[in-house]
Amino acid sequence: MQDYNICLCSDENYARYMGVTMASVLKNTDEDENIIFHIIESNISDETKNKLLSLKKIKNCEIKFYRVENNKYYNPAYLRLYIVEIINNVDKILYLDSDIIVNGSLKELFNIDIKDYYALAVRDIYVDIYNEHKELIGIGKDATYFNSGMLMINNDLCRKQNIKENFYTYFLENYNKNREKLKYNDQCLINYVFRDKVKIIDKKWNFLPFRDHNIKSKHPTKDDAVIIHFVEHKPWKAQKDRTYFLDDYWRYYQYTPWFFEEPITAIQTMMQQKLHDYEDIRFRSNYFKCFGVYANSSKFQIVIFGIRITIDAVDYRNISKIAWWIPIKKWREAFKNKFR
């Protein structure tokens, strides 16, 4: 049996999304692989912990919780900096952000040699192009700026090199005096402290699925993207489908207790993502209504005796003038509030 230690960090608000990450790991694990989840958290309730523990129904695993009562970094996003400090009985550990799904086996990743490096990571295609920022944080323009949403951490080497002290020193030196050095939160800090000791690996281990950044490529497959990181467009938000692998995200979401609690909400969000003309469909449903005023950020519709009057691309400067024609004050105020 091969042990795979995996760390995730969250507060109460992000726990359900972390649960999807965990479910995706378990659904892509072989029988001879033992998953040990290490969850560093700041305020996850007992009720939510029980929901996370229920994920063992997918595949038996270990789930350990580590509470950080007084976060010296102030921000819950910095909780991963405690990995070296808190999880001190593990020599090699995979860290994953909670806006990630795993869509394949992690065996190859865990088998990559890491003994001479602090971590394995993937180049950040968004930030690495900004040489001025790399100079500012102290890694130099020729260094590769990596995305810290996936890190295979050599915990043993980090402990021996006292990395936890280096983390906190950089934080103290820059949090109040030069916040630009922490523009991308602890990601900048980790890039600085791990500089020259990170092995950059294939992007399939931290694939950013935003369509606009993959426009010249064919639709990516599982071989192209084993770990999928929704760094920009979050898959749980009701937005137009501009991201690959949304279907995979919702497939894993359905294995979590949050789906069974609110299936209708999840289905409505999926519909909004899939139907680019969702708003038009919603407005067309007003054929069955006799009276009302309906609006969103780009259009509004008045229905009087079943007659629909729809105006697209509303100029915000004219909202008050248009609202003047709405006969009922309650409707008039609700309409104006839509555009504020």
So if we plug the beta-carbon distance of Thr221 and Phe65 into 1/(1 + (r/R0)^6) with R0 = 35 Å, what FRET efficiency do we get, rounded to 0.05? 0.50
Could you pull out the GluC sites (Glu not before Pro) across the range 1-58 that fall in loop regions by DSSP (anything but H, G, I, E, B) with no more than 16 other Cβ atoms inside 10 Å? Glu12, Glu31
Which order do Met22, Met271 take by accessible area at a 1.4 Å probe, largest first? Met271, Met22
Sparse-neighbourhood loop sites, trypsin sites (Lys or Arg not before Pro) in the range 41-142 - DSSP loop, at most 16 other Cβ within 10 angstrom: Lys72, Lys115, Lys141
Return the subset of Lys107/Lys134; Lys59/Lys237; Lys204/Lys234; Lys27/Lys237; Lys51/Lys274; Lys134/Lys197 for which the Cα-Cα distance in this structure is over 25 Å, preserving the input order. Lys107/Lys134; Lys59/Lys237; Lys51/Lys274
If you average the C-alpha positions of the range 86-143 and of the range 1-73 separately, how far apart do those two centres end up, in angstrom? 20
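The values are calculated or read from the model by the stated rules, or taken from the named source; none is laboratory data. These numbers were taken from a predicted model, which means no experiment stands behind them. Note that we place each Cβ from the backbone using ideal geometry, even for glycine, and neighbour counts take in every protein chain shown. Ligands, DNA and RNA are excluded from the accessible area calculation, which covers all protein heavy atoms including side chains. Shrake-Rupley method; radii C 1.70, N 1.55, O 1.52, S 1.80 Å.
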